[in-house]
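Structure first, commentary second.
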DNA sequence: GCTATCGATTGACAAACACCAATTCAATTG
DNA sequence: CAATTGAATTGGTGTTTGTCAATCGATAGC
């Protein structure tokens, strides 16, 4: 993160001149912002946020068959939301026979959480 | 938040029976999830996340004309992103003459931040 | 009043998204 | 093997999103 920026006191400049000097863009931190935005985006849906909430409350692993009936959407939709969360590194899953168990990845939310203070 | 959920140990049930008892869905917390998801969604874009980052680092108010050159998009796009953040209650703005100054709303990120622990 | 500038708004477009019905895959039981 | 079940995938649809060019409203200086 950290974008450098000098906060010049604003005042009318000569016509033709731009209002402020162009500030160099440090894309060093672009990757960090993109990672955190990906996680935030994954949490940016009420169902996904509640899925994560349930998984976090139960420190163990939770069967998809227990998650599905919690929401007013069909099973493929829940499966889709879980995939989004998995792709964002927030949760992961494990198969046990016929069932799939999901759990929160230990540090999946850490970077964003820390940034948010 | 808090979705109640009994974690029954999984085992094969008789054919024809569903895998688990239907769990009542407590939509009491639906609003909370929707509010937080809205904020998370607003942070779910790298540019918006960096906009918030810049505004947070400078505790004061920052002119749009200083924010725009920081990103590789045109002015209307930055304006659009700022509107998304304002609609989510994350930032607010104030006009001073020709300029618009943006700042982070004190508790705009609090609920999500707390939930993320 | 005329002109230039900051920033918001509008309209358009392609890409991404949420959702479902239908299907497929994997594993388990009879 | 055949039937059944949990969960992922596919294909489709309607909606939302990110972006820009063009325009507009407001303010300030000439």
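Coordinate-derived values only; no laboratory data. Source: prediction; values computed, not measured. Quick reminder, even Gly has a Cβ in these numbers, built from the backbone with ideal geometry, and neighbours come from all protein chains shown.
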Search result, residues across segment B:38-47 that are in contact (Cβ under 8 Å) with a residue 40 or more places away in the chain and either assigned to a helix (DSSP H, G or I) or more than 7 Å from every other protein chain (Cβ to nearest Cβ) (or both): B:38, B:39, B:40, B:41, B:42
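Report whether or not residue B:50 is within 16 Å of residue A:113 (Cα to Cα), without any contact (Cβ under 8 Å) to a residue 60 or more places away in the chain and out of contact with any strand residue (DSSP E or B) (no Cβ under 6 Å at 6 or more places or on another chain).
On the way: within 16 Å of residue A:113 (Cα to Cα): yes; without any contact (Cβ under 8 Å) to a residue 60 or more places away in the chain: yes; out of contact with any strand residue (DSSP E or B) (no Cβ under 6 Å at 6 or more places or on another chain): yes.
Answer is yes for this residue.
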Taking segment B:62-117 and the residues there that are outside any strand (DSSP E or B), more than 16 Å from DNA strand D (Cβ to nearest atom) and touching a residue at least 12 places away in the same chain (Cβ under 8 Å), the one that is farthest from the other protein chains (Cβ to nearest Cβ) would be B:105
Given the conditions (1) in contact (Cβ under 8 Å) with a residue 12 or more places away in the chain; (2) under 20 Å from residue B:115 (Cα atoms); (3) within 12 Å of chain B (Cβ to nearest Cβ), and given that residue A:57 satisfies all but one, which numbered condition is not satisfied? (1)
Within segment A:48-79, considering residues that are within 13 Å of DNA strand C (Cβ to nearest atom) and within 17 Å of residue B:44 (Cβ to Cβ), the one surrounded by the most Cβ atoms within 10 Å (Cβ to Cβ): A:51
